[in-house]
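Remarks on the structure that follows.
The values are calculated or read from the model by the stated rules, or taken from the named source; none is laboratory data. Because the structure is predicted, anything quoted here is derived from the model rather than measured. Ideal geometry is used to build each Cβ from the backbone, glycine not excepted, and the neighbour counts take in all protein chains shown. Calculation scope for accessible area: heavy atoms of the full protein, side chains included, ligands and nucleic acids excluded. Shrake-Rupley method; radii C 1.70, N 1.55, O 1.52, S 1.80 Å.
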Amino acid sequence: MNKKQDLLAMTIDELELIMDTIGEKTYRAKQLFSWLHKGVLSFDQMTNIPKSTREKLSRNFYITHLKELKQLNSRDGLTTKYLYLLPDDNIIECVVMEYSYGTTLCLSTQVGCKMGCSFCASTKAGLIRDLTAGEMLAQVLYVNKALLEKEKKAIRGLVLMGSGEPLDNYNNTLKFLQLVHDPQGLNIGYRNITLSTCGLVPEIRALAEEGLSINLAVSLHAPNDSIRGKIMRVGRAYRIKDIIDACSFYFKKTGRRITFEYAMINKINDKLDHAKELANLLKGFPCHVNIIPLNQVKESELKRSNNESVQAFIKILEEKGVQVTRRREMGADVDGACGQLRSTFIAEKQK
Ligand code: SAH
């Protein structure tokens, strides 16, 4: 691996320190930051920075480059999945979704994942490594460039729902959030960012303490610990009660309602009693439930619930006064679910 540091992972303050250390004027830091965050990732094009400065920078630092391996467009034209090669030959994926309220990018925070949820394709080969803040930012910058080439609007919102568990890569994820939010960079509002977690209680509490107004989504997927523990290994480490307490703390600190994600799995968590149990659990809590009919992946035996069960489940939640939405299933024809495209690609290469 490259021993040099990645400039893309640096805040303006850090770049100022670097400029100072290499004997350059600190205002150059803002110029550099501005180029980087516009997606200019080659020193040669940073024309307002003297060549000698650029040479010094390139000797001591690098800028993360991604190589686009594949781009898959859904038939409706609203979802595009990108597969990128990292400098160390690892592969990551991210998905762009065009909503009426703006373009949103779903990005990855780790290569693989160690959380072991039984329905998820990303975790089957375990965690390979954390992504750096620069590698997370690079996904946004590269996709923005691709959108620009198609004369489409730039990314306005982010969901940290690609491969990986963002709170298991806490420091890099937090740094990334700070970078994309910077008004001198992409200036993406915290309210337009959603972080999804499988429910790491201490990290949810730590994130709450940061006081950022980002949206928190928690992958609940079960109305009780017994079912949760069977489909999510992390469900054996943290109890639902403690997750809800942590979410309550998050709401108190940030004022943001929590989203609970619930993937409906045939005969596992989709019965009417489960809906009642879930409604009792969440009644009165400042949240909304996002129902996702399971995206069947070849890595798992679990099946998606049928449409009638999904509708009946939603009806019970509604009747009991729990806010609920059914996730629009975008991009199913481009291996929409988490980690599927990457694993399909790797499997094809190994044939
Ligand atoms: N690690 C984080 C974010 C990544 S996954 C988390 O667990 O929340 C993003 C969401 O997709 C999570 O809610 C996850 O449980 C869900 N998911 C993963 N595989 C899925 C599948 N096959 N079908 C439906 N949802 C899935």
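Can you tell me which residues in the range 61-94 are touching a Gly at 6+ places or on another chain (Cβ under 6 Å) and among the hydrophobic types (A, V, I, L, M, F, W, C)? Give the steps one after another, and end with the answer.
Taking the range 61-94 as the starting set, the residues that turn out to be touching a Gly at 6+ places or on another chain (Cβ under 6 Å) are 64, 74, 79, 94.
Of everything in the range 61-94, just one residue is touching a Gly at 6+ places or on another chain (Cβ under 6 Å) and among the hydrophobic types (A, V, I, L, M, F, W, C), namely CYS94.
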Tell me which residues, restricted to the range 288-308, are open to solvent by less than 20 Å² (accessible area, probe 1.4 Å) and among the hydrophobic types (A, V, I, L, M, F, W, C). VAL289, ILE291, LEU294, VAL297
Scope the range 32-75; condition free of Cβ contacts under 8 Å to residues at least 60 places away in the same chain, more than 23 Å from MET136 (Cβ to Cβ) and of a type outside the set (Lys, Arg); matching residues: ASP44, THR47, ASN48, ILE49, PRO50, SER52, THR53, GLU55
So THR259 ticks every box in (1) open to solvent by less than 10 Å² (accessible area, probe 1.4 Å); (2) at pLDDT 95 or above; (3) within 12 Å of the ligand (Cβ to nearest atom) but one. Which box is left unticked? (1)
Hey, LEU127 within 18 Å of ASP168 (Cβ to Cβ) and surrounded by fewer than 22 Cβ atoms within 10 Å (Cβ to Cβ) or not: yes
Could you grab me the full set of residues in the range 61-117 that are away from the ligand (no atom under 16 Å from the Cβ) and among the charged types (D, E, K, R)? LYS67, GLU68, LYS70, ARG75, ASP76, ASP88, ASP89, GLU98
Suppose the filter is within 14 Å of the ligand (Cβ to nearest atom) and out of contact with any Lys or Arg (no Cβ under 6 Å at 6 or more places or on another chain); does LEU131 pass it? yes
Please state which of the following conditions ARG156 fails to meet, knowing it meets all the rest: (1) open to solvent by less than 10 Å² (accessible area, probe 1.4 Å); (2) assigned to a strand (DSSP E or B); (3) under 22 Å from THR11 (Cα atoms). (1)
Being closer than 22 Å to SER100 by Cβ and polar (S, T, N, Q) is the filter; apply it to the range 67-89 and report the residue that is most open to solvent (accessible area, probe 1.4 Å). ASN73
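Can you tell me which residues in the range 262-287 are touching a Ser or Thr at 6+ places or on another chain (Cβ under 6 Å) and open to solvent by 20 Å² or more (accessible area, probe 1.4 Å)? Please lay out each step first, then the result.
Taking the range 262-287 and keeping what is touching a Ser or Thr at 6+ places or on another chain (Cβ under 6 Å), we get 264, 266, 270.
If the condition is that a residue be touching a Ser or Thr at 6+ places or on another chain (Cβ under 6 Å) and open to solvent by 20 Å² or more (accessible area, probe 1.4 Å), then ASN266 is the only one that fits.
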